[in-house]
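S.K.: Below: one structure in structure tokens.
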Amino acid sequence: MPDTAPTETAFKRVLLKISGEALMGDQGYGLHPPTVERIAKEVKSVHDLGVEICMVIGGGNIFRGLQGSAQGMERTTADYMGMLATVMNALAVQSALEKIGVYCRVITAIRMDEVAEPYIRRRAVRHLEKKRVCIFAAGTGNPYFTTDTAATLRANEMACEAIFKGTKVDGVYDKDPVKHDDAKRFETVTYDEVLAKHLGVMDASAIALARDNNLPIIVFSLDEPGGFRAILDGTGTYTKVHS
């Protein structure tokens, strides 16, 4: 981390995973530009600390492969359509970040050279070292794998110290806190507990991959202003998933 960084942070390199739905605000579909800009400012606030940031963004605000296959579409085709949706979201966030002075690269698992860079691990690592935000799009490039799994894969490949999973609530609860006033938030929870209790942090493949590589997952509220930076500062409310 450069000497100009104002504070020592808990992590030097992280991956932020957010859902596509996080970009649509109160709309039922698509992108809500003020929400995209707000998330970009949250990312910039952490970037300003000197933290190296990767991102993976879902595509559910535009198209979700599982829903398409449930409606009779061939699963592989539906998943590829979902991957393209993640590229659209990545480009939107890239635009918002560059508008506020954060250098950013969109890196896709499916080649589309006129739009974004292809995924080459060493090149992506170099971008991070140069303090550019890397947004990994198009999932893993393979059908049947979610963006949660893609996030865990890329976090391991980039040697990230943690995955930050931005959600609508400030951690992992034993039941839905929106529906149940007596829902209890966990300070920490193990990978095996997440799987056994079906706590819904990420899908099982992603949790297993994180567990096998001892990669912690920090679950926090993306709707809380300053919440992302607060955790890096050593404060903030979150749940840590670990071994």
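The values are calculated or read from the model by the stated rules, or taken from the named source; none is laboratory data. Here the structure is a predicted model, which means the values were calculated and not measured. Here Cβ is always computed from backbone atoms with ideal geometry, including for glycine, and neighbour counts include all displayed protein chains. Note: accessible area is taken over every heavy atom of the protein model, side chains too, but ligands, DNA and RNA are not part of it. Shrake-Rupley method; radii C 1.70, N 1.55, O 1.52, S 1.80 Å.
S.K.: Which distance in nm do the two modelled labels at K168 and K41 give, with both placed 7 Å along the Cα-to-Cβ direction?
M.R.: 2.2 nm
S.K.: Let me ask something additional. Using 0.36 nm times the number of residues separating D113 and H242, minus their current alpha carbon distance, what extension gain do you get?
M.R.: Once the chain is fully extended between D113 and H242, it gains 42.7 nm.
S.K.: Could you derive backbone 3J(HN,Hα) for the stretch 226-243 from the dihedral phi with the Karplus parameters 6.51, -1.76 and 1.60 (θ = phi - 60°), listing whole Hz in sequence and x where the residue is Gly or Pro?
M.R.: These are the phi-based 3J(HN,Hα) values: x, x, 5, 5, 4, 5, 5, 6, x, 10, x, 10, 6, 10, 9, 9, 8, 7 Hz.
S.K.: Just need the relative contact order of the stretch 54-104 here, percent rounded to a whole number, with Cα pairs under 8 Å and 6+ apart.
M.R.: 36 percent
S.K.: If you roll a 1.4 Å probe over the chain with all protein chains in place, what percent of the accessible area is carbon or sulfur?
M.R.: Reported share for carbon and sulfur atoms: 51 percent.
S.K.: Work out how far the C-alpha atoms of the stretch 6-143 reach from end to end along every principal axis, then list the three figures in whole Å, largest first.
M.R.: 53, 36, 29
S.K.: Sticking with this structure for a sec: For the stretch 61-219: lysine pairs with Cα atoms under 27 Å, gap of 8 or more or different chains, count?
M.R.: 17
S.K.: Would you please give the FRET efficiency between N213 and R75, computed as 1/(1 + (r/R0)^6) with r the Cβ-Cβ distance and R0 = 30 Å, to the nearest 0.05? Show your work: numbers first, answer last.
M.R.: Numbers: r = 28 Å, r/R0 = 0.92.
For R0 = 30 Å, the calculated efficiency reads 0.60.
S.K.: Take every Cα pair under 8 Å in the stretch 29-156 that's 6+ residues apart, average their separations, divide by the length, and report that relative contact order as a whole percent.
M.R.: Relative contact order of the stretch 29-156: 30 percent.
S.K.: PRE reach from K197 (point 7 Å along Cα→Cβ): which of the stretch 212-243 fall under 13 Å by backbone N?
M.R.: Correct set: 239-242.
S.K.: DSSP loop trypsin sites (Lys or Arg not before Pro) in the stretch 178-243 with at most 16 other Cβ atoms within 10 Å of their Cβ, which ones?
M.R.: Answer by residue number: K179, K184, K197.
S.K.: May I pose another question? Separation between the R126 and K99 pseudo-spin-labels, each 7 Å from Cα along Cα→Cβ, expressed in nm?
M.R.: The answer from the label model is 3.0 nm.
S.K.: With every protein chain present, what is the per residue accessible area of the chain (1.4 Å probe, Å²)?
M.R.: Solvent-accessible surface per residue comes out at 47 Å².
S.K.: Just want to confirm a number: the relative contact order over the chain, from Cα pairs under 8 angstrom separated by 6+ residues, in percent.
M.R.: In percent, rounded to a whole number, it is 21.
S.K.: Rounded, prolate or oblate: which one fits the stretch 93-219, using the alpha carbon gyration tensor with axes a ≥ b ≥ c (rounded when a/c is under 1.5, else prolate when a/b beats b/c, else oblate)?
M.R.: Since a/c reaches 1.5 and a/b is larger than b/c, the shape of the stretch 93-219 is classed as prolate.
S.K.: Name the residues whose placed amide hydrogens come within less than 5 Å of the amide hydrogen of F164, ignoring near sequence neighbours (fewer than 5 apart) on the same chain.
M.R.: L15, L16, K17, I218
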